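Student: The structure is given below, and queries will be raised subsequently.
FYI, it's all coordinate maths here, none of it is from the lab. Keep in mind that this is a model prediction, so the values were computed, not measured. Using ideal geometry, Cβ is built from the backbone for each residue, glycine included, and neighbour counts are taken over all protein chains shown.
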Amino acid sequence: MVKKKRLRLIAEMARKIRAYREMKSRPRESQKYALDYETMRRPNTGKMLPVLAWQDVRRESRLFSLLAGMRLFGVGRLFTRKSWLEDHTEPSYWQITKVKVDYTSENMDHGKAWGILTYQGKQESEVKEVDKVMYHDWRLIPKHKEQQFKDFETLPEPPVRYVPYPPLIRAMMLAQQKKAAGCGVVEEPALPLKRDVTLNKDYFRRQEQERQRAEGTAV
């Protein structure tokens, strides 16, 4: 006979109370990402920001610092980052679709945002949460430049010309190259999908001879 498992209601209730207290004791985002701009330390953890980030922290803004002063908290507007503008020639930006503000923060400059990401000219189809909202390099795209960002057309990707060899053949070719090169640099072998044919006079002459041989001599 199987022994029934005894319900421990008091223990279960105590576990839920501990989990609830732990959840309530967690610092909010406004406390977690608070920053002392004089010492460049976060009061919650005591960690100092990297020295390379100090210039952006003093000059640039976080995402919610921009959203807090906009109508409808910037829903529908485009936002980009300084690092994207410097690193990529293709447009990279977020189009905000939903904002959840942390009203407990002093200036309502913390919370969560969702949107559609366009990275290096390629737009994603699904709405997802905006990451790194606490970084100090966010910028609002002016309305007169929004269409310029949206009308960008990506160049077609070049066709695949080479593919890797099967594992066994690749290992054999690498072993031969290492044996021949000694301590030199060994290149990764690649299999061309299309053979390059040199079209010279001899090639056309051979083609004409093969055609005549196949058709025969006229009587």
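Student: Quick one: net charge of Val57's neighbours, Cβ under 15 Å, K/R +1, D/E -1? Can you show the working numbers first?
Tutor: Numbers: positive: Arg41, Arg42, Lys47, Arg58, Arg59, Arg62, Arg81, Lys82, Lys132, Arg139; negative: Asp36, Glu38, Asp56, Glu60, Asp109, Asp137.
Summing Lys and Arg as +1 and Asp and Glu as -1 gives +4.
Student: Specify, per residue and in Å³, the volume enclosed by the convex hull of the alpha carbon atoms belonging to segment 90-189.
Tutor: So the per-residue Cα hull volume is 224 Å³.
Student: OK, next. Could you tell me how many degrees, from 0 to 90 and to the nearest 10, lie between the Cα long axis of helix 201-215 and the main elongation axis, the longest principal axis, of the Cα atoms of the chain?
Tutor: Computed tilt is about 60 degrees.
Student: Which cross-chain or sequence-distant (5 or more) residues have an amide H under 5 Å from the amide H of Tyr165, H modelled 1.01 Å from N in plane?
Tutor: Amide H neighbours of Tyr165, under 5 Å, 5+ apart: Leu191.
Student: Can I ask one more? ³J(HN,Hα) across segment 17-34 via Karplus (A = 6.51, B = -1.76, C = 1.60, θ = phi - 60°), whole Hz, x for Gly/Pro?
Tutor: 5, 5, 5, 5, 5, 5, 5, 6, 7, 5, x, 6, 4, 5, 7, 5, 9, 5
Student: Quick one: 3J(HN,Hα) in Hz for segment 109-118, Karplus 6.51/-1.76/1.60 with θ = phi - 60°, rounded, Gly and Pro as x.
Tutor: Working through the residues one at a time gives 10, 9, x, 10, 9, 10, x, 10, 8, 10 Hz.
Student: Given the DSSP H assignment, sum -39500 (n - 2.57) over each helix run of at least 4 residues in the chain and divide by its residue total; what's the result at 222 nm in deg cm²/dmol, nearest 500? Mind showing how you got there, number by number?
Tutor: Numbers: 8 runs with 76 residues, N = 219.
So the helix-based figure for the chain works out to -10000 deg cm²/dmol.
Student: Quick one: helix 167-181 against the long Cα principal axis of the chain, what's the angle to the nearest 10°, folded into 0 to 90?
Tutor: Value to nearest ten degrees: 70.
Student: So, in Å, what gap is there between the alpha-carbon centers of segment 102-173 and segment 1-77?
Tutor: After rounding, the separation between the Cα centres reads 25 Å.
Student: Hey, another quick one. For the chain, compute the orientation-averaged projected area of the C-alpha convex hull (one quarter of its surface), in nm².
Tutor: Numbers: hull surface 135.6 nm².
Over all viewing directions, the chain projects a mean Cα-hull area of 33.9 nm².
Student: Is the C-alpha gyration tensor of segment 19-94 telling us rounded, prolate or oblate? Criteria: a/c under 1.5 is rounded; beyond that, a/b larger than b/c is prolate, otherwise oblate.
Tutor: On the way: a/c = 2.23, a/b = 1.35, b/c = 1.66.
Oblate, because a/c is 1.5 or more while a/b does not exceed b/c.
Student: OK, next. Take Val75 and Met172, extend 7 Å from each Cα along the Cα→Cβ direction, and tell me the distance between the two endpoints in nm.
Tutor: 6.4
Student: With 32 Å as the limit, write out which pairs from Lys100/Lys150; Lys179/Lys201; Lys47/Lys82 have Cα-Cα distances beyond it, or answer none. Don't jump to the answer; show the numbers that get you there.
Tutor: On the way: Lys100/Lys150 25 Å; Lys179/Lys201 38 Å; Lys47/Lys82 24 Å.
Checking Cα-Cα distances, Lys179/Lys201 exceed 32 Å.
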